[in-house]
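Here the structure is laid out as structure tokens; the discussion comes afterwards.
Nothing in this text is a laboratory measurement; each read-out follows from the coordinates by a stated rule. Nothing here was measured: the structure is a model prediction, and the numbers come from that model. Here Cβ is always computed from backbone atoms with ideal geometry, including for glycine, and neighbour counts include all displayed protein chains.
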Amino acid sequence: MRKLAAGNWKMNGMSVDLAEIAKLIDAHPAPDCDMLICPPTTLLSRMAERAAGSALQIGGQDCHAAGNGAHTGDISPAMLKDAGASHVILGHSERRADHGETDASVQAKAAAAQAIGLVAIVCVGETEAQRDAGTTLAVIGSQLAGSLPATLATVPDALVVAYEPVWAIGTGRTPTLDEIAEVHSFIRDTLVKRYGAAAQEMRLLYGGSVKASNAAAIFALPHVNGALVGGASLKCADFAPIVTALAAS
Ligand code: PGA
């Protein structure tokens, strides 16, 4: 399978930061993995124009489940696609926490994104209290059951799961390699039970304080097929080495 290095700019990035995209495209004209940046919506179409014809793919950070209508402030999957996106992150823990997104709303968005031909990157992850209570796998299992679309709409490539422990996001802390491996193999087993053997080809990303210094060790783990990177995706100098590590893994 082709691995995926995905960057999530979150609510960061102004016009001037498009220069980072030009550098990234120069640094990786033909990487041996997929390379994706999900900018704020204000930059999406300009970034997509810059990335056209390059190896860099562009994605949204959220979308609405409906195709259009009276939903002030929201963006439909078709609008993202029209602006040049090929992917969309869904159910990020910051969306779940800040905007009350539920497994059911994430599932509806994922189905809508798939229907329009966007690759849905569905995020799951436990809080620190849940990990301390020993309920990590139960929490992940229930998020997977509730957040993923009922069927693999097209090819397994079109649905990506990102395991992002909430307590590892933006904190500089990560689970141990054994802990990451345990959750990733649990996710793989769960997906194969649900979707059948095709789920062996679905990409599973790890996210949460990935940086150049820890990327290679994480990418060496079984069932880690890429990363969802926040802070270290904002600058080419930080993200390009992560892409290099993934391509080499
Ligand atoms: P981080 O964020 O790399 O800054 O920890 C990861 C994410 O939220 O996707």
Exercise. In this structure, does HIS87 turn out to be under 14 Å from the mean Cα position of the chain (by Cα), buried (at least 19 other Cβ atoms within 10 Å of the Cβ) and under 20 Å from PHE219 (Cβ atoms)?
Worked result: yes
Seminar exercise, completed: Scanning the stretch 205-223 residue by residue, those crowded, with 23+ Cβ neighbours inside 10 Å and either assigned to a strand (DSSP E or B) or more than 13 Å from the ligand (Cβ to nearest atom) (or both) turn out to be LEU205, TYR206, GLY207
Exercise. Within the stretch 14-29, how many residues turn out to be touching a residue at least 12 places away in the same chain (Cβ under 8 Å) and over 19 Å from GLN61 (Cα atoms)?
Worked result: 7
Problem set entry | Failed item in (1) in contact with a Phe, Trp or Tyr (Cβ under 7 Å, 6 or more places away or on another chain); (2) away from the ligand (no atom under 11 Å from the Cβ), with VAL160 passing the rest | (1)
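Give ALA129, ALA113, ALA120 a once-over and let me know the one that is within 26 Å of ILE187 (Cα to Cα), away from the ligand (no atom under 16 Å from the Cβ) and in contact with a helix residue (DSSP H, G or I) (Cβ under 7 Å, 6 or more places away or on another chain). Full working, then the answer.
Details: ALA129 fails: in contact with a helix residue (DSSP H, G or I) (Cβ under 7 Å, 6 or more places away or on another chain); ALA120 fails: away from the ligand (no atom under 16 Å from the Cβ).
The unique qualifying residue is ALA113.
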Exercise. Among all residue pairs at least 6 apart or on different chains, which show Cβ distances below 7 Å where the first residue, located in the stretch 1-13, is touching a residue at least 40 places away in the same chain (Cβ under 8 Å) and under 16 Å from ILE218 (Cα atoms) and the second is among the hydrophobic types (A, V, I, L, M, F, W, C) and more than 13 Å from the ligand (Cβ to nearest atom)?
Worked result: LYS3/CYS33; LYS3/LEU246; LEU4/CYS33; ALA5/CYS33; ALA5/MET35; ALA5/VAL243; ALA5/LEU246
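With the requirement that a residue be more than 13 Å from the ligand (Cβ to nearest atom) and out of contact with any helix residue (DSSP H, G or I) (no Cβ under 6 Å at 6 or more places or on another chain), what does the stretch 5-17 give you? Can you show your working first?
Initially, the stretch 5-17 is screened for residues more than 13 Å from the ligand (Cβ to nearest atom), giving 13-17.
MET14, SER15, VAL16, ASP17, listed by residue number.
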Exercise. What number of residues in the stretch 232-249 are within 13 Å of the ligand (Cβ to nearest atom) and buried (at least 19 other Cβ atoms within 10 Å of the Cβ)?
Worked result: 5
